[in-house]
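Chemist: Once you've had a glance at the structure underneath, I'll fire off some questions.
We did not get these values from a lab; they are worked out from the coordinates using the rules stated. Given the structure is predicted, the values throughout are model-derived calculations rather than measurements. Using ideal geometry, Cβ is built from the backbone for each residue, glycine included, and neighbour counts are taken over all protein chains shown.
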Amino acid sequence: MKISVIGSGGIGGTVGTLWAKVGHEVLFSSRNPEKLSALVAAAGASAKAGTIVEAASFTDVIFLAVYY
Ligand SMILES: NC(=O)c1ccc[n+]([C@@H]2O[C@H](COP(=O)([O-])OP(=O)(O)OC[C@H]3O[C@@H](n4cnc5c(N)ncnc54)[C@H](OP(=O)(O)O)[C@@H]3O)[C@@H](O)[C@H]2O)c1
C-alpha cells in the first residue's frame with residue numbers, strides 16, 4: 001500500500017517507519033523534505049521523502065500527524 005505521512009515528526013516518523021519496515025511504500029513529507037534524509041535512511045528501501053503536495057498525490061492513505 002502507498003502511505004503518505006504529513007507531519008514526519010515524532011509520531012509520523014515512528015509510525016511511518018514501522019509501516020515501511022513491513023513493506024509498505026511510505027512517502028514522508030515535510031515543508032523542508034531535505035531534512036528527512038536520516039529518517040528515510042533509517043526507514044529503509046521502501047521509504048522516500050517529498051513535499052506535502054507530493055504526499056497528497058502519491059497515495060492510497062494519508063496519515064496526518066502535524067503539530068496540533
Ligand atoms: N508525541 C506524542 O506522544 C503524541 C501523543 C498523542 C498525540 N500526539 C499528537 O500527534 C501530533 C504530532 O505530534 P508529534 O509529537 O509527532 O509532533 P512533532 O514531532 O512536532 O511533529 C509534527 C510535524 O508537523 C509538521 N508541521 C508543523 N506545523 C505544520 C504546518 N503548519 N504545516 C505542515 N506541517 C506542519 C512538522 O513538519 P515540518 O516542520 O518538517 O514540515 C513536524 O515534523 C500532534 O497533533 C500531537 O498532539 C502526539
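Chemist: Given Cβ point charges of +1 (Lys, Arg) and -1 (Asp, Glu) and nothing else, what value in debye, to the nearest 20, does the dipole of region 2-64 about its Cα centre take?
Modeler: Dipole size: approximately 100 debye.
Chemist: Moving on to the next point. Taking only DSSP H segments of four or more residues, each worth -39500 (n - 2.57), what value at 222 nm results for the chain once the sum is divided by all its residues, to the nearest 500 deg cm²/dmol? Don't skip to the end; give the middle numbers.
Modeler: Values: 3 runs with 26 residues, N = 68.
Rounded to the nearest 500, it is -10500 deg cm²/dmol.
Chemist: Of all alpha-carbon pairs in the chain, indicate the percentage at a distance above 13 angstrom.
Modeler: 53 percent
Chemist: Among all the lysines, which ones have a C-alpha under 18 Å from LYS21's C-alpha, if same-chain residues fewer than 8 places away are not counted?
Modeler: Straight-distance partners of LYS21: LYS2, LYS48.
Chemist: Have a look at SER57, SER29, SER37 and tell me which one the Gaussian network model of the chain (Cα, springs below 10 Å) gives the largest fluctuation.
Modeler: Of SER57, SER29, SER37, the Gaussian network model singles out SER57 as fluctuating most.
Chemist: A follow-up question, please. Of LEU39, LEU27, LEU18, which has the largest mean-square fluctuation in a 10 Å C-alpha GNM of the chain?
Modeler: Maximum among the listed residues: LEU18.
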